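Data first, discussion second: the structure below is written as structure tokens.
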Amino acid sequence: MKNSTLRIAWRNLGRNRKRTLLALSAIALAQLTLVAVNGMMAGMYDDMLRILTGPLLGHVQVHHKDWREERAVDLFMDGLRAARSALEAMPAVEAVSPRIYAAVLAAPGTQSDQPSDAKPAMIVGLDVQVESRKGGILESLPPEHRPQHDEVVLGKVLAHRLGVRPGQQIAIIGQDADEFPVSELVAVKAIVRGNTDIVNRLGVLMALPQAQTLLALENKAHEILVYGKDYRRAGQLAEQIAALPAFGGTEVLSWRQAAPEFGNILDMKNWFDLIFVGIVFVAAAAGIANTMMMSTFERTREFGMLLAVGSRPARLVRMVVLESVILGLIGVLVGSLLGSAVVLITARTGIDYAALAGTDIEEMSFQGLNISYVLYSKFEFRNILFGVVAVTLTSVLASLWPALISARLEPVEAMRT
């Protein structure tokens, strides 16, 4: 009996192929939109999170309690070696990256005595080995182009403003932690295109020991970025670090605390997921309800005959519901296949929004974060699952009214229709 009900439900979908195809197309298009658009947004948000928790903030950051407000060269943390050892001994910590920052003037060659040629810059003293790992500032540079000794790496924009190329020299003028003037002539080892303004527009990237010596900051750092094994547990990691004796009196922040506006933006993705699931609901409800209602009225005589020969009303309800569920699931399957194909292709090729808009701008800047206009999608199976659940529920709900109408038919009156 169940098999015959299923066969009848399947056969009935082909009675009015044009109407069935229209309903299928609406559901498939909605599911295609859900999978493709949410995949593109997942790629964009993942890229933003990678930049945010990579070279910009880390998972947890530790610094002098007044550092974020003033960013003065003398607001440092002392006892760096002991603090770093304490962090690296924590099981949840994957990497530790101390940094030094100092505002300076940079000029090409030996022209430090010509103020007109000097440009504002920022020394970023960093651990070259740690920052060469995946997600680090120096990730894109081969080993032979990384800074060491009296060499630096310049941000792309700063190098362009200074008019220098790798192999040339720049003069740096600034002030050390004791407020004494300092100057240094260094060779430009390479030019890097960073994902943050502080690197791209101002960055004079220098090996940490060299920066410490130049700025009188031996065994000191302005900031320690801590990378945990799971960015989602950054809040717990920050609490554990703050409880260590080595960090008494410092400010310890998770990436969400350090940049709450970015955390709120990233959380918006869940709302967008729900919005597109709602689109699938509406498309499925409109297509299935219309198809099932028209199909029910067209088959009133047939339903009357089935009731007259002994079929129970519950069987008619199952038949109509099965038709709508089959219709919805076929639409979801087609939309999922097409949407997955779009996501997998664009995950490899990317989508260049700048090219689509007819501009040659490579990236956009938002609160110090440089986000590429080339977007790479990310496949998320949950988007397919959302569509399947949404359409299945919608199919059942949208078919209940026509199913109940068919179940309440009087056999004799229905056969006269």
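Where helices (runs of 4 or more DSSP H) sit wholly within the stretch 237-316, those with at least 2 residues that are at pLDDT below 70 and among the hydrophobic types (A, V, I, L, M, F, W, C) occupy 260-298, 300-308. Taking the criterion of being in a strand (DSSP E or B) and either among the charged types (D, E, K, R) or without any contact (Cβ under 8 Å) to a residue 40 or more places away in the chain (or both), the only residue of the stretch 147-175 that qualifies is E151. Counting only residues that are part of a strand (DSSP E or B) and surrounded by fewer than 18 Cβ atoms within 10 Å (Cβ to Cβ), the stretch 200-214 holds 0 of them. On the stretch given as the stretch 215-251, residues that are within 20 Å of W67 (Cα to Cα), among the hydrophobic types (A, V, I, L, M, F, W, C) and surrounded by 22 or more Cβ atoms within 10 Å (Cβ to Cβ) total 8. Figure legend. Inter-residue proximity from the stretch 179-204: first residues on the phi < 0 side of the Ramachandran plot, second residues surrounded by fewer than 19 Cβ atoms within 10 Å (Cβ to Cβ) and assigned to a loop (DSSP other than H, G, I, E, B), beta-carbon distance below 6 Å, spacing 6+ or different chains. Indicated pairs: V182/D176; V186/D150; V188/P166; V188/Q168; A190/P166; T196/G368; D197/G368.
Being over 26 Å from D178 (Cβ atoms) and among the small types (G, A, S): is that true of S97 here? Show your work before the answer.
Numbers: over 26 Å from D178 (Cβ atoms): no; among the small types (G, A, S): yes.
Criteria not met by S97.
With a requirement of 3 or more residues that are without any contact (Cβ under 8 Å) to a residue 12 or more places away in the chain and out of contact with any Gly (no Cβ under 8 Å at 6 or more places or on another chain), the helices (runs of 4 or more DSSP H) lying completely within the stretch 10-100 that satisfy it span 17-51. Can you tell me which residues in the stretch 191-214 are small (G, A, S), within 21 Å of W67 (Cα to Cα) and at pLDDT below 90? Those that are small (G, A, S), within 21 Å of W67 (Cα to Cα) and at pLDDT below 90: none in the stretch 191-214. Against the conditions (1) over 30 Å from the mean Cα position of the chain (by Cα); (2) more than 26 Å from A246 (Cβ to Cβ), H145 satisfies every one except (1).
The values are calculated or read from the model by the stated rules, or taken from the named source; none is laboratory data. Since this is a predicted model, take the numbers as computed values, not measurements. So basically every Cβ, Gly included, is an ideal-geometry build from the backbone, and we count neighbours across all protein chains shown.
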